[in-house]
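J.: Dumping the structure here so I can ask a few things about it.
The values are calculated or read from the model by the stated rules, or taken from the named source; none is laboratory data. Here the structure is a predicted model, which means the values were calculated and not measured. Heads up: the accessible areas ignore ligands, DNA and RNA and are worked out on the full protein's heavy atoms, side chains in. Shrake-Rupley method; radii C 1.70, N 1.55, O 1.52, S 1.80 Å.
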Amino acid sequence: MTTQLNRLPRRMAALLAVTALSLGAAACSSSSDDKASDAKDSSSASSSDSATSGKSAAGDGSDSSSSSASGSSGAGASAVNGGTKASNSSSSTGGKAATAGASASSRCRTAGLKAAFATGGDAVPDMKSDNQTQASVAFTNIGKRTCTLTGFPGVDLVGNQASDGTWSLTRSTKPVTTISLSPGDTTDFSITLGATTEKGSGTFQPGLVRITPPNEESQFSLKWPFGGAITKQDGATHPATYVNPIGS
């Protein structure tokens with residue numbers, strides 16, 4: 001009995017110790033759970049904030065991209081429109097005139113030119129032979145603006161003989177070029193002649209040469225200064241006498 005009474009305090013102490021350990025473990029578990037919960041909430045909040053921040057950043061990036069694209073598009077449209085306007089302006093003021101060639105304001109007009117045969121040195125045709133030879137006609141810009149000549153002039157030969165009549169020369173097959181003439185500048189073209197020493201029928205004796213600048217209607221009338229005769233072939237398909245383009 002006494003022994004059992006002696007053991008009772010020790011059992012109570014052990015029971016109290018176990019209870020204390022259980023309570024401590026529960027408190028630790030609760031604290032651990034609270035910490036885990038806080039950590040989870042913190043992690044969730046952080047994740048939510050990151051997602052929100054990411055979404056916001058993505059939204060900002062989208063807006064920036066849109067703004068940038070819109071800006072580029074706007075600048076592009078402005079540049080295109082500006083280019084179109086510039087092009088239209090150019091076309092309306094002179095682009096089409098330039099495209100149309102010498103038929104517009106840049107073309108040399110008969111009234112702004114002077115025409116004359118070249119009579120010095122090798123420019124004089126050999127009219128005392130039975131071979132082809134050449135005469136050169138010079139155009140000088142006597143106007144106050146730069147102008148252009150392109151293509152073939154018109155050349156009509158008026159004969160001295162009653163049987164000669166007027167011969168409109170055919171064109172050669174040489175390629176044409178555009179010649180720009182500043183005020184005072186000169187260019188020329190040549191007339192290839194089928195000279196002959198024969199007399200009478202079958203010959204043509206030039207007396208007057210009517211010259212029309214390219215794309216013009218007004219003519220120059222120049223006296224033929226070289227004498228002689230050429231073989232009359234005004235009805236031939238490939239005559240020995242013909243006109244060459246400006247600059248040839």
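J.: Looking at this model, which pairs from K128/K223; K199/K223; K114/K199 are more than 26 angstrom apart at the alpha-carbon?
T.: Long pairs (Cα-Cα over 26 Å): K114/K199.
J.: Which percent, nearest 5, of DSSP beta bridges in region 105-174 are antiparallel?
T.: Percent antiparallel among DSSP bridges in region 105-174 is about 90.
J.: In square angstrom, what is the accessible area per residue of region 124-239 with a 1.4 angstrom probe?
T.: Normalised by residue count, the accessible surface of region 124-239 is 51 Å².
J.: Could you tell me what percent of the DSSP beta bridges with both partners in region 99-248 are antiparallel, to the nearest 5?
T.: The antiparallel proportion sits near 95 percent.
J.: Report the full-extension gain for the segment A162 to R210: residue separation times 0.36 nm, less the Cα-Cα distance, to one decimal in nm.
T.: Net length gain for the segment: 15.5 nm.
J.: First check a/c for region 126-248, with a ≥ b ≥ c the square roots of the eigenvalues of its C-alpha gyration tensor; if it is under 1.5, answer rounded, and if not, answer prolate when a/b is larger than b/c or oblate otherwise.
T.: prolate
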